[in-house]
There are 2 protein chains.
Amino acid sequence: MSFTVNAEISQFNGKLFKLSHDSETTHTKMDVNVFLPSGPSEKIPVLLYLSGLTCTPNNASEKSFFQYFANKFGFAIIFPDTSPRGAGIEGEDDSWDFGTGAAFYVDSTQEPWSKNYNMYSYVHKELLDKLAAYYPQLDIKDNISITGHSMGGYGALAGFFKNPGRYKSVSAFAPISNPSNCKWGEKCFGNYLGEDKESWYQYDPTHLIKSYKGPTPDILIHQGAQDGFYTKDEQLQPENFVAAAKESGYAGKVDLHVVDGYDHSYFFISSFAEDHAKFHAKYLGL
Amino acid sequence: MSFTVNAEISQFNGKLFKLSHDSETTHTKMDVNVFLPSGPSEKIPVLLYLSGLTCTPNNASEKSFFQYFANKFGFAIIFPDTSPRGAGIEGEDDSWDFGTGAAFYVDSTQEPWSKNYNMYSYVHKELLDKLAAYYPQLDIKDNISITGHSMGGYGALAGFFKNPGRYKSVSAFAPISNPSNCKWGEKCFGNYLGEDKESWYQYDPTHLIKSYKGPTPDILIHQGAQDGFYTKDEQLQPENFVAAAKESGYAGKVDLHVVDGYDHSYFFISSFAEDHAKFHAKYLGL
């Protein structure tokens, strides 16, 4: 079998599977959690949830409560990891915002990262292909949407724009919306992709949206107004993305909610999981 | 102020407060989390949630999903800690199922525990009295129900029977239903209360129900059929409680659901939080 089942856990009348497998893209063992709803046994729509810095597949599985709504609407959820782990690269564990837990959903071009830190191809190609074969009841090839939080929110937007028509819809929680222009992005892009900023723009949603040609479903974004990464550190900058959308085919179709009182935590994510689940359910035909 | 506010977190349109205060009952600093729903600003009904072995106020706050339903129905939730911490008693940190994180909701009578390990009086008296004064909008004195998980499920049932009429309703997730008769209970009762088993029965729901005289709202219990503490270790024994109920005024009023596929984790709790929230909402007049 391509996947090892490490745990099978009942939740909300569905099942959460904790899987692992050997990846040819990262050359490491990778963990992934998959939630299967009760109900339909074929052509189950899928939501791909990309997590933020430091997270494993477990954080969102335990704290986002997306599964409650997934079971209600009848879609599956895939929770990938955020980086290779144990690649053995010197310094990979030194920072919380770079290396392990922070692969930034790119295909690295720079040494010593390029052999393992290829989370873009891992997530959008290898993982989905393997899961489509492993779970034939999931409609991964034809009916999948994407969301994510912070680094994962950026990853979801980038993945949507770089694969026109692949994802039925995209949403994000407090996404790093303009990574070429903030410290997190500069650190990760600089090390994984090198100093040529043109290579950064190939992953930056605020750049990608301008030249995007493809289907234009609405985009839903929530941002906590009291999120310190937003208010103080300027890591998130959703307004830059909205401004870029206005100059593109997406004018008027990015629905940004800056919500008063909310921070950057899973308490924030869980609070708006219902809105995002409803949003994607519509595009997934549920 | 009697409480220090360590964090104020928005969730599900309500607010989660992480508080701490000095307790005269445990002679330690105690943490407690309180969720306030949006909506009514006075006479807010309350659910007291008692956690299981090893837990702090944060585990259920992060993983139970109760706040979603609390905000929907309009009740507050109080999440106390499970023991004093830092009492400085030799050996208090040696076991996961005794001492710190495992005070078993009793008033200890034995040295060296009796000065600090008084979680029965702490939870049902000091904490509720202090929170009633601190949050006058909460109807703690007149409209409160109680639930809990595992050790906290036992604590909820014991607290209900030992305080007739105090709690409008009681429910439990995988409660330690007959603690005088299982290893967890024998270890904790033996050390906190001494070897006289009569003193144990004063906290054991399976004994308390037999002599209980008071209001008899239905009791809701969920138990995972694949919970190893239930199937293998015989720590939980809800059937003993149901059998005792049949010999009491509670005959026919204990609603035990042994649910196939579920374990002992927060995935199990979150899956049935909705049922328990609905159950208590009815008794709380919501």
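The values are calculated or read from the model by the stated rules, or taken from the named source; none is laboratory data. For clarity, every value in this text was computed on a predicted model and none was experimentally measured. Quick reminder, even Gly has a Cβ in these numbers, built from the backbone with ideal geometry, and neighbours come from all protein chains shown. Surface accessibility is based on the protein's heavy atoms, side chains included, excluding ligands, DNA and RNA. Shrake-Rupley method; radii C 1.70, N 1.55, O 1.52, S 1.80 Å.
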### Task
Answer yes or no as to whether B:Asn59 is within 14 Å of chain A (Cβ to nearest Cβ), over 21 Å from B:Ile146 (Cα atoms), surrounded by fewer than 21 Cβ atoms within 10 Å (Cβ to Cβ) and in contact (Cβ under 8 Å) with a residue 40 or more places away in the chain.
no
### Query
Taking the stretch B:104-141 on its own, how many of its residues are over 14 Å from B:Ala158 (Cα atoms) and assigned to a loop (DSSP other than H, G, I, E, B)?
16
## Note on the structure
Filtering the stretch B:81-94 down to residues that are touching a residue at least 40 places away in the same chain (Cβ under 8 Å) and over 13 Å from B:Met151 (Cα atoms) yields B:Pro84, B:Arg85, B:Gly86, B:Ala87
### Unmet criterion (only one of (1) in contact (Cβ under 8 Å) with a residue 12 or more places away in the chain; (2) at the interface with chain A (Cβ under 10 Å from one of its Cβ atoms); (3) in contact with a Ser or Thr (Cβ under 8 Å, 6 or more places away or on another chain)) for B:Ser10
(1)
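Listed here are the residues, each with its yes/no results for (1) out of contact with any Lys or Arg (no Cβ under 8 Å at 6 or more places or on another chain); (2) in contact (Cβ under 8 Å) with a residue 60 or more places away in the chain; (3) not polar (S, T, N, Q).
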{"residue": "A:Glu24", "(1), (2), (3)": "yes, yes, yes"}
{"residue": "A:Thr28", "(1), (2), (3)": "no, yes, no"}
{"residue": "A:Glu42", "(1), (2), (3)": "yes, yes, yes"}
{"residue": "A:Tyr49", "(1), (2), (3)": "yes, yes, yes"}
{"residue": "A:Gly52", "(1), (2), (3)": "yes, yes, yes"}
{"residue": "A:Lys72", "(1), (2), (3)": "yes, yes, yes"}
{"residue": "A:Phe79", "(1), (2), (3)": "yes, no, yes"}
### Message
So, B:Thr4, is that one touching a residue at least 40 places away in the same chain (Cβ under 8 Å) and away from chain A (no Cβ under 14 Å) or not?
### Response
no
### Query
How many residues does the stretch B:9-22 hold that are closer than 23 Å to B:Ser83 by Cα, of a type outside the set (Lys, Arg) and open to solvent by 10 Å² or more (accessible area, probe 1.4 Å)?
2
#### Entry: Those residues of the stretch A:176-191 which are farther than 18 Å from A:Gly148 by Cβ and in contact (Cβ under 8 Å) with a residue 60 or more places away in the chain, in sequence order
A:Lys187, A:Asn191
#### Entry: Criterion violated by B:Ala87 - all others in (1) of a type in the set (A, V, I, L, M, F, W, C); (2) within 30 Å of B:Ser38 (Cα to Cα); (3) open to solvent by 20 Å² or more (accessible area, probe 1.4 Å) satisfied
(2)
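Within the stretch A:192-202, is even one residue in a loop (DSSP other than H, G, I, E, B), within 14 Å of another protein chain (Cβ to nearest Cβ), open to solvent by 30 Å² or more (accessible area, probe 1.4 Å) and touching a helix residue (DSSP H, G or I) at 6+ places or on another chain (Cβ under 8 Å)?
No, the conditions are met nowhere in the stretch A:192-202.
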### Task
Filter the stretch B:115-136 for residues that are more than 11 Å from B:Thr25 (Cβ to Cβ) and surrounded by 14 or more Cβ atoms within 10 Å (Cβ to Cβ) and give the result.
B:Leu128, B:Leu131, B:Ala132, B:Tyr134, B:Tyr135
### Query
Restricting attention to the stretch A:174-182, does a residue exist that is in a helix (DSSP H, G or I), over 14 Å from A:Gln223 (Cβ atoms) and either in contact with a Leu (Cβ under 8 Å, 6 or more places away or on another chain) or of a type in the set (Ser, Thr, Tyr) (or both)?
yes
### Task
Could you list, in sequence order, all residues of the stretch B:28-42 that are surrounded by 14 or more Cβ atoms within 10 Å (Cβ to Cβ) and either within 11 Å of chain A (Cβ to nearest Cβ) or at positive phi (or both)?
B:Phe35
